[in-house]
Amino acid sequence: MLRRAVEPEGDAAVRLTIAGQPVIALRDESVATAALAAGLQFTRNAQVSGEPRAPYCLMGVCFECLMTIDGQPNRQACLVPVQEGMTVEPQLLGPSLGVSDNG
C-alpha cells in the first residue's frame, strides 16, 4: 500500500467518498492519488477481458485511471484534482465481445 509523506490535516484536508468509503485527501492532489493512498487497488476494469486496471502513468497518457467522478464516467482520475464532497466510483464495465449494436 502507498503512504503519503505528509498526512492531510487542517486546511490541507479535503473530504470525499471513493468507492463508498469516506476518504480524507490532500488539497490539490489528484483523485487517482487519493484513491491509491486510500488503498483502492483498481480504478476500472478492461472492457474486453474484464481484468482490473489501476493508474499507471499518473500524467494523462495511459487512460488506465478512468473513473466515474460525480456521476460522469470516463474521467481521467489522474488529471482531476480532489474537491470537497466529491463522489468517486471505480468504472466497472461489462466485458465486450466487440459486436456493435447496429447488427
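The values are calculated or read from the model by the stated rules, or taken from the named source; none is laboratory data. Source: prediction; values computed, not measured. FYI the Cβ positions are ideal-geometry reconstructions off the backbone, even for glycines, and counts take in every protein chain you see.
Give the residues of the stretch 32-76 that are among the small types (Gly, Ala, Ser) and under 14 Å from Leu92 (Cα atoms), sorted by residue number. Break it down into steps so the answer makes sense when it comes.
Step one: of the stretch 32-76, the residues among the small types (Gly, Ala, Ser) are 32, 34-35, 37-39, 46, 49-50, 54, 60, 71.
Selection gives Ala46, Ser49, Gly50, Ala54, Gly71.
Take the residues in the stretch 24-46 that are of a type in the set (A, V, I, L, M) and part of a strand (DSSP E or B); name whichever of them is surrounded by the fewest Cβ atoms within 10 Å (Cβ to Cβ).
Step one: filter the stretch 24-46 for residues of a type in the set (A, V, I, L, M), giving 24-26, 31-32, 34-38, 40, 46.
Add one more test, that the residue is part of a strand (DSSP E or B), and what stays is 24-26.
Numbers: Ile24: 16, Ala25: 26, Leu26: 19.
Here the answer is Ile24.
Determine the pairs where a residue that is exposed (fewer than 14 other Cβ atoms within 10 Å of the Cβ), located within the stretch 80-92, has a partner that is not in a strand (DSSP E or B) with Cβ atoms under 6 Å apart, the partner being 6 or more residues away or on another chain.
So the pair list comes out as Thr87/Asp70.
A quick yes/no check of all residues on (1) within 23 Å of Asp11 (Cβ to Cβ); (2) among the charged types (D, E, K, R); (3) modelled with pLDDT under 95:
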{"residue": "Val23", "(1), (2), (3)": "yes, no, no"}
{"residue": "Ala38", "(1), (2), (3)": "yes, no, yes"}
{"residue": "Thr43", "(1), (2), (3)": "no, no, yes"}
{"residue": "Gly50", "(1), (2), (3)": "no, no, yes"}
{"residue": "Pro81", "(1), (2), (3)": "yes, no, no"}
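Enumerate the pairs (first residue in the stretch 2-23 and surrounded by fewer than 10 Cβ atoms within 10 Å (Cβ to Cβ); second residue anywhere and among the aliphatic types (A, V, I, L, M)) with beta-carbon separation below 6 Å, excluding pairs fewer than 6 apart on the same chain, so at least 6 apart or on different chains.
So the pair list comes out as Leu2/Leu36; Leu2/Ala37.
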